[in-house]
Amino acid sequence: MVLGIISYGVYIPRYRIRVGEIARVWGDGDDISENLNVFEKSVPDLDEDAITIAVEAARNALARADVDPARIGAIYAGSESHPYAVKPTGTIVGQAIGSSTSFTAADFEFACKAGTAAIQACLGLVGSHLIDIGLAIGSDVSQGAPGDMLEYTAAAGGAAYLIGSDNLAAEIESFYSFTTDTPDFWRREGMPYPEHGGRFTGEPAYFKHVTSAARGLMERLGTKPEDYDYAVFHQPNGKFPIRVARKLGFTREQIAPGLVVPMIGNTYSGSCLIGLAATLDVARPGERIFVTSFGSGAGSDAFSIRVTDRIDDIRAGAPSVREYIKDAEYLDYAMYAKHKGKLRI
Amino acid sequence: MRSVSIIGVGCTKFGERWDVSLRDMVSEAGVMAIEDAEITGEDIDALFVGNMSAGRFVEQEHIGALIADFAGLSRLHLPSTRVEAACASGGLALRQAVLAVASGYNDIVIAAGVEKMTDVSSGSAADALAAAADREWECFFGATFPALYAMMAKLHMRRFGTTHDQMAEVAVKNHHHACLNPIAQYHTEITVEDVDRSPVVADPLHVLDCSPISDGAAVVVLAPTEIAKRFCDTPIRIVGSAQASDTLALHDRRDLTTLDATVHAARKAYAQARITPDQVDVAEVHDCFTIAEILAIEDLGFVEKGEGGKAAEEGLTALGGRLPINTSGGLKACGHPVGATGIKQAYEIALQLRGEAGRRQVEDAEIGLAHNVGGSGGTALVHIFSR
Amino acid sequence: MTTHAPRFWRSIPQRYNLKGTHCKRCDEYYFPPRNLCPNCRRGADLEEHTFKGTGTVITCTTIYSATEDFERMTPYHLAIIQLDEGPKVTGQIVSCPDGVKMGMRVRPVFRILGKEGERGIIYYGTKFAPMPKDEEKGPTKDSADCSGIL
């Protein structure tokens with residue numbers, strides 16, 4: 001049984017703040033954008049959160065391939081900014097996309113990789129014939145404390161994937177996960193902003209997990225970087241994915257279509273999945289995509305994906321990542337603070 | 001049906017009445033009206049009180065019993081009824097009182113109106129008032145009253161070429177009238193430029209296009225016309241009393257620049273009074289916003305549809321004009337304690353027809369009209385009065 | 001704290017997906033749904049109808065002074081929108097930096113409508129956003145109706 005992606009949809013809020021504008025407020029140097037390779041990041045509207053983003057992305061996924069929402073048997077919504085601590089995001093998404101009531105749902109949290117974990121869960125249910133289609137979502141309105149390095153990159157956006165076994169736009173050939181207990185980044189219950197270990201988030205966290213999962217998958221499949229047309233790695237900033245690609249033997253060209261972080265920032269649970277969507281937006285039938293997510297805490301999920309002929313039929317059915325990136329309106333720091341609820345009244 | 005007349009009137013000063021409570025104001029206006037009518041408590045058969053939202057403004061319901069009690073009438077155990085139709089609650093109380101007398105059930109009936117709005121923040125007051133719109137399908141999306149009337153204004157401007165300056169003229173005129181009315185909330189003249197310079201509330205309406213948050217109470221005493229002269233030298237006959245309704249939500253209306261409830265209530269009232277609109281000498285209309293007065297004078301048939309802005313600009317509706325509108329200062333400048341407004345309108349018309357309106361007296365006024373609207377036009381009441 | 005959870009929950013189909021009614025007898029569409037058709041009253045033949053959510057702005061305003069629940073949203077755009085099936089609705093217009101204009105074509109978007117403070121439930125539902133440029137033309141039959149209103 002071949003499993004994979006029936007359709008996909010993304011949503012990126014239209015507001016942006018330039019990294020230089022944030023640096024101006026905190027007195028950081030002008031070179032911060034270059035150092036991070038992030039120039040602007042998306043900002044949610046006053047009335048957007050991880051749920052509204054998840055709904056818009058899921059509606060786009062359904063519209064793209066004209067899928068009947070009643071076929072969905074599972075909704076797994078991944079986020080580190082679920083609006084409710086208790087009360088599922090998935091139920092709201094289900095009702096808003098017009099699903100039946102005969103589906104299972106749960107919310108996932110695994111820092112930035114909850115969305116790929118949701119895809120894995122859907123693959124399991126579809127592959128075992130327990131459901132017809134699974135809806136996996138990664139969406140976030142991530143928070144960075146004012147003045148913290150995270151503030152330069154913490155962005156908003158999401159992607160939704162319909163996972164099934166027929167009419168596939170892309171086959172998921174296999175996946176491999178690498179998971180350890182590594183406290184590189186966390187947010188305690190009830191706290192508004194996450195904390196992190198600074199440089200500890202690099203080598204022992206991001207790089208170790210991404211490379212281990214990627215190598216694990218290639219070893220299992222007997223593939224090499226040059227067997228893939230494209231590669232997507234989690235994008236906490238614009239530097240890490242480039243460095244990890246080089247480390248693994250992927251080229252700048254392979255990661256270019258999916259490298260969206262310089263324009264929209266780190267959309268956390270949406271990050272890797274929006275990168276994959278941007279790649280699907282341009283991929284040709286038969287091409288292969290290598291994807292590896294990373295979630296702090298820590299773990300990585302690597303996927304090997306092969307695009308099918310159907311991609312050309314569905315591509316134009318919903319807005320592309322580039323279209324969302326192009327539709328931008330810029331905010332200054334004061335408006336950004338209002339949008340992000342940083343002004344406590 | 002018996003002919004009904006006003007035999008006594010009373011009205012408190014409108015404004016921010018920090019020192020008095022809802023019950024204080026009702027008794028203040030009530031005593032004035034009873035003394036004016038020269039009746040005693042024992043003469044009274046029933047009370048009706050218009051009040052929109054004491055529950056929200058002062059956390060007090062059961063206003064019927066409350067006003068009878070604090071008017072000193074508790075020992076008489078009179079029937080006392082609170083009625084509500086948002087900002088038309090006062091007009092509705094008047095109509096209920098008229099029906100009670102006209103039907104022969106009661107002889108001497110009190111129609112009162114009261115609202116105490118300044119005990120809550122302006123945001124809470126706006127929210128309480130917004131409950132007169134469709135809570136689920138207008139307010140839930142952030143609609144406010146100024147916003148609803150602003151949307152009517154936008155369409156009126158587009159269809160008929162009405163300008164904001166013409167709307168501002170309504171405010172200028174009503175502030176001028178208010179300067180001549182001792183009970184009015186504002187005694188300040190304003191200019192069109194003042195209106196334009198005031199902050200925008202909901203585009204195109206500015207702060208000075210809007211009626212204020214006010215405290216106040218008004219009371220009129222009704223009696224069958226056949227015995228009215230026993231109490232008073234110049235009873236004022238109520239020759240038309242009509243009420244009409246329409247959709248609660250503005251968006252469901254047939255036409256967003258016409259208040260059909262006003263049109264229908266006016267038609268019935270004119271028919272009862274056997275008059276045409278051009279016979280009206282003085283009118284109090286529901287100018288909760290400047291655009292509302294423009295809509296009202298059109299819908300009441302004083303001017304053609306679309307001509308309301310021009311009428312304001314040309315001074316037609318000012319004291320000394322062809323048809324003086326809102327000589328009290330209107331809701332705009334006399335103040336708008338919502339439940340009291342409809343009764344205050346009757347109070348003003350009664351003074352005008354009695355010839356007791358002082359510096360704002362309309363000469364030889366014989367026929368007067370009061371027009372009271374609930375919400376964005378879900379309810380309208382029109383009363384016609386004759387000397 | 002008080003919650004309006006039951007009241008909100010009851011209207012979720014309308015708030016999320018614009019479920020209204022259609023009277024098969026007089027062919028009139030209603031949003032929100034009605035149990036009685038004002039045209040046919042008890043003679044009505046009502047069925048559920050899910051509105052597409054596309055429509056035309058009939059009139060609009062920008063609110064600078066709001067009620068307590070919306071104080072932190074100002075300024076925001078409010079409009080009366082005629083849905084393509086016919087009924088008019090009140091709604092907020094978002095993603096509209098150049099301002100709302102009468103006659104503007106709009107589409108539905110999923111947004112937060114309100115919150116019960118910091119602790120209560122979050123109300124989600126439909127607002128409207130300008131239609132992307134290439135889809136701006138309305139359906140022929142109804143846009144004719146709208147030009148009458150404007």
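Is one or more of the residues making up the stretch A:320-330 farther than 19 Å from A:E48 by Cβ and either more than 14 Å from chain C (Cβ to nearest Cβ) or part of a helix (DSSP H, G or I) (or both)? Looking for residues that are farther than 19 Å from A:E48 by Cβ and either more than 14 Å from chain C (Cβ to nearest Cβ) or part of a helix (DSSP H, G or I) (or both), one finds at least one in the stretch A:320-330, hence yes.
Checked against (1) in contact with a Ser or Thr (Cβ under 6 Å, 6 or more places away or on another chain); (2) in a loop (DSSP other than H, G, I, E, B); (3) of a type outside the set (S, T, Y); (4) away from chain C (no Cβ under 13 Å), B:A143 passes all but condition (4).
Find all pairs meeting these conditions: Cβ atoms under 6 angstrom apart; at least six residues apart or on different chains; first residue within the stretch A:42-61 and within 7 Å of chain C (Cβ to nearest Cβ); second residue among the basic types (K, R). That search, which allows pairs on different chains as well, returns A:D47/C:R111; A:T52/C:R111. Look through the stretch B:100-138, keep the residues that are under 23 Å from B:Q60 (Cβ atoms) and at the interface with another protein chain (Cβ under 7 Å from one of its Cβ atoms), and return whichever of them is modelled with the lowest pLDDT. Among residues in the stretch B:100-138 that are under 23 Å from B:Q60 (Cβ atoms) and at the interface with another protein chain (Cβ under 7 Å from one of its Cβ atoms), the one modelled with the lowest pLDDT is B:G123. Screening A:G265 on (1) surrounded by fewer than 22 Cβ atoms within 10 Å (Cβ to Cβ); (2) away from chain C (no Cβ under 14 Å); (3) not acidic (D, E) shows it passes everything except condition (1). Does A:D313 satisfy the criteria of being surrounded by fewer than 20 Cβ atoms within 10 Å (Cβ to Cβ) and assigned to a helix (DSSP H, G or I)? Considered against the rule, which asks whether it is surrounded by fewer than 20 Cβ atoms within 10 Å (Cβ to Cβ) and assigned to a helix (DSSP H, G or I), A:D313 comes out as yes. Being free of Cβ contacts under 8 Å to residues at least 24 places away in the same chain, touching a helix residue (DSSP H, G or I) at 6+ places or on another chain (Cβ under 7 Å), surrounded by 19 or more Cβ atoms within 10 Å (Cβ to Cβ) and more than 14 Å from chain C (Cβ to nearest Cβ) is a property that does not hold for B:V195. Restricting the first member to the stretch A:72-96 and to residues that are in contact (Cβ under 8 Å) with a residue 12 or more places away in the chain and at the interface with chain C (Cβ under 10 Å from one of its Cβ atoms), and the second to residues that are among the acidic types (D, E) and assigned to a loop (DSSP other than H, G, I, E, B), the beta-carbon pairs closer than 7 Å and six or more apart or on different chains are A:P83/A:D49. Would you confirm whether or not the stretch C:126-140 contains a residue that is closer than 30 Å to C:M1 by Cα, facing another protein chain (nearest Cβ under 10 Å) and part of a loop (DSSP other than H, G, I, E, B)? No, every residue in the stretch C:126-140 fails to be closer than 30 Å to C:M1 by Cα, facing another protein chain (nearest Cβ under 10 Å) and part of a loop (DSSP other than H, G, I, E, B).
Here the strands (runs of 3 or more DSSP E) wholly within the stretch C:65-120 that include at least 1 residues being more than 7 Å from chain B (Cβ to nearest Cβ) and among the polar types (S, T, N, Q) are C:76-83. Based on this model, can you work out whether A:T251 counts as surrounded by fewer than 24 Cβ atoms within 10 Å (Cβ to Cβ) and of a type in the set (S, T, Y)? Against the criterion (surrounded by fewer than 24 Cβ atoms within 10 Å (Cβ to Cβ) and of a type in the set (S, T, Y)), A:T251 qualifies.
Criterion applied to B:T234, B:T247, B:T257 was being outside any helix (DSSP H, G or I), among the hydroxyl-bearing types (S, T, Y) and buried (at least 23 other Cβ atoms within 10 Å of the Cβ), and the one residue passing it is B:T257.
The number of residues in the stretch A:126-145 being out of contact with any helix residue (DSSP H, G or I) (no Cβ under 6 Å at 6 or more places or on another chain), farther than 22 Å from A:K239 by Cα and surrounded by fewer than 19 Cβ atoms within 10 Å (Cβ to Cβ) comes to 4. I'm checking my understanding of the structure. Among residues of the stretch C:2-59 that are closer than 30 Å to A:A58 by Cα and acidic (D, E), which one is farthest from the other protein chains (Cβ to nearest Cβ)? It comes out as C:E47.
The values are calculated or read from the model by the stated rules, or taken from the named source; none is laboratory data. This one's a predicted model, so the numbers in the text were calculated from it and none came from an experiment. Note: ideal-geometry Cβ built from the backbone for every residue, glycine included; neighbour counts use all protein chains shown.
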